[in-house]
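The values are calculated or read from the model by the stated rules, or taken from the named source; none is laboratory data. Note that this is a predicted model, so its numbers are computed, not measured. Positions of Cβ are backbone-derived with ideal geometry, glycine not excepted, and every protein chain shown enters the neighbour counts. Keep in mind that these areas ignore ligands, DNA and RNA; they rest on the heavy atoms of the full protein, side chains included. Shrake-Rupley method; radii C 1.70, N 1.55, O 1.52, S 1.80 Å.
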Amino acid sequence: MYFLVQANVYLDPDHYKIFDALEELNIDYSVINIPPTAEKIDFETDRKDVFVYGSVTIARLARQNTEWFPGSFYGGNHLYEVYSKYYGENLLNHKVSVHKISEELIWKKGEIKFIKPYNEAKIFTGKVFNESEWKDFVFEALENKTNRITEDSLIQISEAKRTIKEARLWIVGGQIIDAGYYKFNDNAPFEEKLSEDGLNFANEMIEVFNLEEAFVMDICLTDEGWKIVEINCINSSGFYPNTNVKSIIKALNIYFSN
């Protein structure tokens, strides 16, 4: 398989690991610069067995290159409106409402809300906001002409919930290739490897709905048990310091070369 990798990805200090893995595994690849305003991928190759990796921009634009396989998994089943039908109450944020970012929201006194982009995953980072934080964020986002946020950008809102620990899992061909914690809350004790019950939960969810041939699932432990935080596109999901990038690249190369 031939990897087309974006030169650098904003805010991901572990991005370089993909180059180390590709070199060690002796896999062909090219590096490309893609400005955020690009409307197509300016790259030509005779190869059809292309996999892209980088920002949401390269993942989104690669969908135009329909001859590439696997190319990019962006969109499709990654949309909340699709996978929520299968995962239901196993989602941390099961009940959501969708709004335009420019809409005035109703806030109760002292309320906090979890707000994230709805269909364009990385136009901003989803997190918990109070009323003043959200209004300041919206004002600045709409004033800033260098991002892709417009008045019509859609957001999804849900109740802010407490998580104990959170982990990212990389799934290829229905198999968990790598799993590791990226966040511990409320003085939760550090664990080097994802717990058995966390892995069992993730495998159960894959059996319920194996969303794509390759995708990323973030899960968390809550007071009500394990839940899915969100589903991410594998072409634009960031690595953490404990991510075994070599195993992921090897699995992708083997699975899509058969």
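Annotations
- Residues in region 66-91 that are more than 16 Å from Glu212 (Cβ to Cβ), assigned to a helix (DSSP H, G or I) and touching a residue at least 60 places away in the same chain (Cβ under 8 Å): Asn90 alone.
- Of all the numbered requirements in (1) over 24 Å from Lys250 (Cα atoms); (2) open to solvent by 70 Å² or more (accessible area, probe 1.4 Å), Leu79 misses one, and that requirement is (2).
- Those strands (runs of 3 or more DSSP E) of region 92-161 in which 3 or more residues are touching a residue at least 12 places away in the same chain (Cβ under 8 Å) and farther than 25 Å from Arg60 by Cβ occupy 127-130.
- For region 230-241, filtered to residues that are part of a loop (DSSP other than H, G, I, E, B) and within 12 Å of Leu169 (Cβ to Cβ), the residue that is modelled with the highest pLDDT is Ile234.
- Qualifying residue in region 187-197 (condition: loosely packed, with under 15 Cβ neighbours inside 10 Å and under 23 Å from Glu159 (Cα atoms)): yes
- Close contacts from region 36-65, counting a first residue that is under 18 Å from Ala214 (Cβ atoms) and open to solvent by 80 Å² or more (accessible area, probe 1.4 Å) and a second that is at pLDDT 95 or above and outside any loop (DSSP other than H, G, I, E, B), with Cβ to Cβ under 9 Å and a gap of 6+ residues or different chains, come to Lys48/Tyr2; Arg63/Gly71.
- Residues that are among the aliphatic types (A, V, I, L, M) and open to solvent by less than 50 Å² (accessible area, probe 1.4 Å) within region 82-100 comprise Val82, Leu91, Leu92, Val96, listed in sequence order.
- Among residues of region 20-54, those that are touching a Pro at 6+ places or on another chain (Cβ under 9 Å) and either part of a helix (DSSP H, G or I) or of a type in the set (Phe, Trp, Tyr) (or both), counted: 1
- In region 1-29, the residue that is modelled with the lowest pLDDT out of those that are polar (S, T, N, Q) and surrounded by fewer than 19 Cβ atoms within 10 Å (Cβ to Cβ) is Asn8.
- Residues satisfying the stated conditions in region 213-258, i.e. surrounded by fewer than 17 Cβ atoms within 10 Å (Cβ to Cβ), out of contact with any strand residue (DSSP E or B) (no Cβ under 6 Å at 6 or more places or on another chain) and of a type in the set (S, T, N, Q): Thr222, Ser257, Asn258
Let's see how each residue does on (1) among the hydroxyl-bearing types (Ser, Thr, Tyr); (2) surrounded by fewer than 14 Cβ atoms within 10 Å (Cβ to Cβ):
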{"residue": "Asp136", "(1), (2)": "no, yes"}
{"residue": "Thr150", "(1), (2)": "yes, yes"}
{"residue": "Ser153", "(1), (2)": "yes, no"}
{"residue": "Gln175", "(1), (2)": "no, yes"}
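- Checked against the criteria, Glu143 counts as acidic (Asp, Glu), open to solvent by 70 Å² or more (accessible area, probe 1.4 Å), over 26 Å from Glu207 (Cα atoms) and at pLDDT below 95.
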